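First the structure, in the form of structure tokens, and then the observations on it.
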Amino acid sequence: MIRLDNFTVKIGDKVILKNIKFTFEPDRVYCLMGPNGSGKSTFAYALAGHPAYQLEEGSKIYFCEEDITDLSPDKRAKKGMFLSFQTPLSLNGVNAFQLLRLSLGEEADPLSLKKEIEAVAKKLHVKKELLSRSLNEGASGGERKKLEMLQAAVIKPKFVILDEIDTGVDIDALKSIGRFLEEFKKGRTIVLITHYSRILRYINPDKVLVIIDGQIKREGGQELVAEIEDKGYQFYR
Ligand SMILES: Nc1ncnc2c1ncn2[C@@H]1O[C@H](COP(=O)(O)OP(=O)(O)O)[C@@H](O)[C@H]1O
Ligand SMILES: [Mg+2]
């Protein structure tokens with residue numbers, strides 16, 4: 001699905017991610033874990049094509065074996081890549097419906113889109129009034145994260161990176177998101193970025209990756225989560 005080769009990312013002169021080589025397989029859930037500042041968000045942004053993150057010469061990103069290293073973020077999104085932000089921004093004057101209508105373009109029939117959004121909102125326990133408000137304005141941390149999930153659910157991307165979808169979220173919201181993901185994951189590749197294991201009570205990753213100082217130091221199954229909890233990230237340095 002997504003293959004990274006020599007993936008080295010800089011912000012200004014500072015090298016953040018170092019020579020990552022990894023393949024995300026289709027129909028799998030990955031959990032990318034690591035301490036604060038290890039490069040998790042950088043990984044997400046650089047994959048999505050954020051212009052502030054420069055790729056070192058020789059870095060390559062392939063999407064279904066097509067080289068997308070030089071594609072703009074919107075073209076990557078069109079191919080089926082979706083990034084949910086660690087800190088979702090608010091959009092003054094644009095509500096969830098309008099934003100989704102804009103991103104899906106002409107092909108979306110407004111009436112069925114509205115119905116679909118409302119159905120997903122119900123599953124995620126998103127209050128209806130949030131849908132007609134400017135996106136994320138006055139929304140709590142948990143509501144923002146659920147609105148990110150809602151966008152993913154309607155856009156139906158093939159490759160989804162969720163950056164700390166579990167941060168700032170109370171236990172009920174976490175449950176809604178986790179249960180929703182368990183269903184949503186089918187037929188997609190999901191990368192859950194987190195530093196806590198609590199969301200993994202609701203969704204089982206196929207693979208756990210530990211990122212430390214911009215490098216994947218460890219790969220394994222769910223047993224790694226218990227090891228991390230037990231030993232802390234310091235152990236992998
Ligand atoms: N805009 C920036 N300018 C300079 N350094 C940055 C910038 N954004 C992130 N960094 C640095 O990159 C490293 C990785 O950050 P980040 O990817 O946000 O980590 P994580 O998401 O794992 O907490 C940190 O050392 C951070 O200080
Ligand atoms: Mg981060």
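The values are calculated or read from the model by the stated rules, or taken from the named source; none is laboratory data. These numbers come from a predicted model, not from an experiment. Every residue, glycine among them, receives a Cβ derived from its backbone with ideal geometry; neighbour counts consider all protein chains shown.
List of remarks:
- Selected residue [away from ligand 1 (no atom under 16 Å from the Cβ) and either under 20 Å from the mean Cα position of the chain (by Cα) or closer than 27 Å to Asp27 by Cα (or both)] from His125, His50: His125
- Of all residues in segment 148-169 being within 12 Å of the chain's Cα centre (by Cα) and not hydrophobic (A, V, I, L, M, F, W, C), the one that is surrounded by the fewest Cβ atoms within 10 Å (Cβ to Cβ): Lys158
- Any hit, segment 123-139, residues being touching a helix residue (DSSP H, G or I) at 6+ places or on another chain (Cβ under 8 Å), among the small types (Gly, Ala, Ser) and surrounded by fewer than 15 Cβ atoms within 10 Å (Cβ to Cβ): yes
- Counting only residues that are within 16 Å of ligand 2 (Cβ to nearest atom) and of a type in the set (Val, Ile, Thr), segment 21-71 holds 1 of them.
- Top-ranked residue in segment 80-97 [being more than 16 Å from ligand 1 (Cβ to nearest atom) and touching a Pro at 6+ places or on another chain (Cβ under 9 Å); ranked as nearest to Glu164 (Cα to Cα)]: Phe82
- Within segment 17-31, residues that are under 17 Å from Lys158 (Cα atoms) reach partners that are surrounded by 15 or more Cβ atoms within 10 Å (Cβ to Cβ) and of a type in the set (Lys, Arg) with beta carbons closer than 6 Å, at six or more positions or on different chains, in the pairs Thr23/Arg3; Val29/Lys185; Tyr30/Lys207.
- Taken over segment 88-123, the criterion of being farther than 27 Å from Ser41 by Cα, small (Gly, Ala, Ser) and at pLDDT 90 or above is satisfied by Ser112, Ala119.
- When segment 72-99 is limited to residues that are among the hydrophobic types (A, V, I, L, M, F, W, C) and within 17 Å of the chain's Cα centre (by Cα), the one that is nearest to ligand 2 (Cβ to nearest atom) turns out to be Phe85.
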